[in-house]
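Engineer: This is the structure I want to talk about, given as structure tokens.
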Amino acid sequence: DKVQESLNIFKSGFVNEYDYMYYMRWLSTKFNDPYTVLPRNIVCLLGTGSFKSTFIESIEDFIKVSKINYSNDITNSFNEWIDSSIVVIDEVPQSAKDVERLQNDIKTMSGAKTVKINRKFEHEAMIDNCANFIINSNYLNCGGMFSNQTQGEMFRRFRVIKKQIINQNDANILYDNLKDKNILYNIYEYIKNEFKPMNVNEFQEVSEYEIE
């Protein structure tokens with residue numbers, strides 16, 4: 001079964017079962033209701049080679065996904081990515097100033113019912129907001145800035161998940177599976193239907209590990 005094989009390999013990139021289930025149920029909630037902004041966004045730490053971006057990018061045929069680079073795109077005046085259901089932000093630095101700016105940008109966007117979109121060669125327009133974020137960083141201390149409970153409201157907007165490297169042979173198998181559109185569709189359907197969507201209280205569950 002290529003679906004179970006793929007999910008088992010993807011699961012091996014998570015440090016624990018608890019984080020894996022949170023992540024997959026978060027995805028299921030988004031797959032079942034792609035036009036609703038979920039109350040919490042995902043922050044993935046470490047785990048180079050754990051498919052932090054590739055897995056989500058692969059499903060763009062079934063739900064609108066955009067990938068942006070923090071240093072280049074989040075501050076760009078052209079933001080056509082904002083009409084996506086899931087936005088993957090890569091290369092988030094460990095600078096406290098940069099993280100705070102990103103938190104404030106996402107807080108503003110997450111709390112808005114409509115957002116301004118600015119596409120090249122088109123007039124600015126207001127659209128319904130449906131974007132949630134998966135934020136990737138290779139810096140462990142970046143997670144502390146997102147998960148610090150003293151931040152109050154800010155803390156409630158982000159769920160930190162620690163990743164780990166996937167075995168290279170397994171990674172090659174998963175990569176090949178994700179290139180097969182039939183397998184990919186079945187993976188998408190399995191996540192959508194077999195992982196229970198989260199209710200509003202479950203979003204606020206915290207990680208069982210502490211950021212050092």
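The values are calculated or read from the model by the stated rules, or taken from the named source; none is laboratory data. Remember, predicted model here, so these are calculated numbers, not experimental data. Reconstructed Cβ throughout: ideal geometry from the backbone, glycine too, with neighbour counts over all protein chains shown. These accessible areas exclude ligands, DNA and RNA; they are computed on the full protein's heavy atoms, side chains included. Shrake-Rupley method; radii C 1.70, N 1.55, O 1.52, S 1.80 Å.
Engineer: Distance check, please: which entries in LYS30/LYS97; LYS30/LYS179; LYS97/LYS192 exceed 26 angstrom between their Cα atoms?
Structural biologist: Beyond 26 Å between Cα atoms: LYS30/LYS97; LYS97/LYS192.
Engineer: Enumerate the amide H contacts of VAL88 below 5 Å, restricted to partners 5 or more residues apart or on another chain; note that Pro and chain-start residues carry no placed amide H.
Structural biologist: It is SER66, LYS67, ILE68, ILE134, by chain and number.
Engineer: Okay, next question. In whole Hz, what ³J(HN,Hα) sequence does segment 64-70 give by Karplus (6.51, -1.76, 1.60; θ = phi - 60°), x for Gly and Pro?
Structural biologist: So the Karplus estimates, Gly and Pro as x, are 6, 10, 10, 10, 10, 9, 3 Hz.
Engineer: While we're on this one: Please work out how much length the chain gains when fully extended from ASN118 to ASP105, using 0.36 nm per residue of separation minus the C-alpha to C-alpha distance, in nm with one decimal.
Structural biologist: Taking ASN118 through ASP105 to full extension adds about 3.1 nm, to one decimal.
Engineer: Taking all pairs of different Cα atoms in segment 1-99, averaging 1/r and flipping that mean, what Kirkwood radius in angstroms comes out? Write down the numbers at each step before the final one.
Structural biologist: Numbers: mean 1/r = 0.0669 Å⁻¹.
Kirkwood hydrodynamic radius for segment 1-99: 15.0 Å.
Engineer: A further question on this structure: Could you do me a favour and compute the accessible area per residue for the chain, 1.4 Å probe, result in Å²?
Structural biologist: Numbers: 10600 Å² over 212 residues.
Ligands and nucleic acids excluded, the figure is 50 Å² per residue.
Engineer: Which residue, PRO93, HIS123, GLY111, has the largest displacement toward the positive end of the dipole of segment 74-131 when charges sit on each Cβ (Lys, Arg +1; Asp, Glu -1)?
Structural biologist: The residue sitting farthest along the positive end of the dipole is GLY111.
Engineer: Something else now. Suppose we flag trypsin sites (Lys or Arg not before Pro) only when DSSP calls them loop and at most 15 other Cβ atoms lie within 10 Å. Which is the longest uninterrupted stretch of the chain? Can you show the working numbers first?
Structural biologist: Details: sites that count: LYS113, ARG119, LYS120, LYS179.
My reading of the result: 1-112 is the longest stretch.
Engineer: Could you work out, for the chain, what percent of all Cα-Cα pairs fall into each 10 Å distance bin, beginning at 0 Å and stopping at the bin that holds the largest distance?
Structural biologist: Histogram of Cα-Cα distances, whole percents per bin: 8, 35, 38, 17, 2.
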